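Accompanying notes for the structure given below.
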Amino acid sequence: QVRLVESGGGSVQAGGSLRLSCAALGYTDTTGCMAWFRRTPDKEREGVAAIVQGGGPGGGRRYYADSVQGRFTLSRDNAENTLDLQMNSLKPEDSGIYYCAADPSCNNWYQGDILSGSEYKYWGQGTQVTVSS
């Protein structure tokens, strides 16, 4: 049974940093997709960052939402079976509930599906991020 467990959320001031981690319990796929999404007051679901795994441990193509490009960094640790999201230069509009998602069968998806969230099979419960101005 697959269970995704997020941690690392909290409250920071604008300009600060947080590191979210997703423990992918029971999920051993090394070729599918893993991603972070968020729910904000303005958007029910927004794709933040995703990785299409491949090319060896921790490797793969990464996708970022325009709003976080250059500030957020996604890393996959196959040995620890985690997906981390390093978030720097945080802004109040980054506040929300952050969810980890995974799917082993994304290789035939359209590129737009990778950050849309509609196709992912497994989801975590979420972790709250609050950025104050």
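The values are calculated or read from the model by the stated rules, or taken from the named source; none is laboratory data. Please read all numbers here as calculations on a predicted model, not as lab measurements. Every residue, glycine among them, receives a Cβ derived from its backbone with ideal geometry; neighbour counts consider all protein chains shown. Accessible surface areas use protein heavy atoms only, side chains included; no ligands, DNA or RNA. Shrake-Rupley method; radii C 1.70, N 1.55, O 1.52, S 1.80 Å.
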Subject >> Of all residues in region 66-96 being among the aliphatic types (A, V, I, L, M) and over 11 Å from the mean Cα position of the chain (by Cα), the one that is nearest to Arg3 (Cα to Cα) >> reply: Ala79
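I'd like to check something: does region 6-22 contain any residue that is over 30 Å from Ser133 (Cα atoms) and either modelled with pLDDT of 90 or more or under 15 Å from the mean Cα position of the chain (by Cα) (or both)? Talk me through it step by step, then tell me what you get.
Step one: filter region 6-22 for residues over 30 Å from Ser133 (Cα atoms), giving none.
Looking for residues that are over 30 Å from Ser133 (Cα atoms) and either modelled with pLDDT of 90 or more or under 15 Å from the mean Cα position of the chain (by Cα) (or both), one finds none in region 6-22, hence no.
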**OP:** Look through region 97-133, keep the residues that are in a helix (DSSP H, G or I) and open to solvent by less than 50 Å² (accessible area, probe 1.4 Å), and return whichever of them is farthest from Ser17 (Cα to Cα).
**Re:** Asp113
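For region 1-19: of the residues being of a type in the set (Gly, Ala, Ser) and open to solvent by less than 40 Å² (accessible area, probe 1.4 Å), which is farthest from Thr82 (Cα to Cα)? It would help to see each step written out before you state the result.
Taking region 1-19 first, the residues of a type in the set (Gly, Ala, Ser) are 7-11, 14-17.
Those left that are additionally open to solvent by less than 40 Å² (accessible area, probe 1.4 Å): 8-10, 16.
On the way: Gly8: 12, Gly9: 15, Gly10: 19, Gly16: 23 Å.
By that ranking, first place goes to Gly16.
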Original post:
Got at least one residue in region 82-96 being more than 20 Å from Gly126 (Cα to Cα), open to solvent by less than 40 Å² (accessible area, probe 1.4 Å) and not charged (D, E, K, R)?
Top reply: no
Subject >> Long-range neighbours under 8 Å by Cβ, at least six apart or interchain, first residue acidic (Asp, Glu) within region 104-133, second in a loop (DSSP other than H, G, I, E, B) and open to solvent by 60 Å² or more (accessible area, probe 1.4 Å) >> reply: Asp113/Glu119
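Mind checking which residues of region 20-78 are part of a loop (DSSP other than H, G, I, E, B) and open to solvent by less than 10 Å² (accessible area, probe 1.4 Å)?
Taking region 20-78 first, the residues part of a loop (DSSP other than H, G, I, E, B) are 26-32, 40-45, 54-59, 65-71, 78.
Matches in region 20-78: Tyr27, Gly32, Val68.
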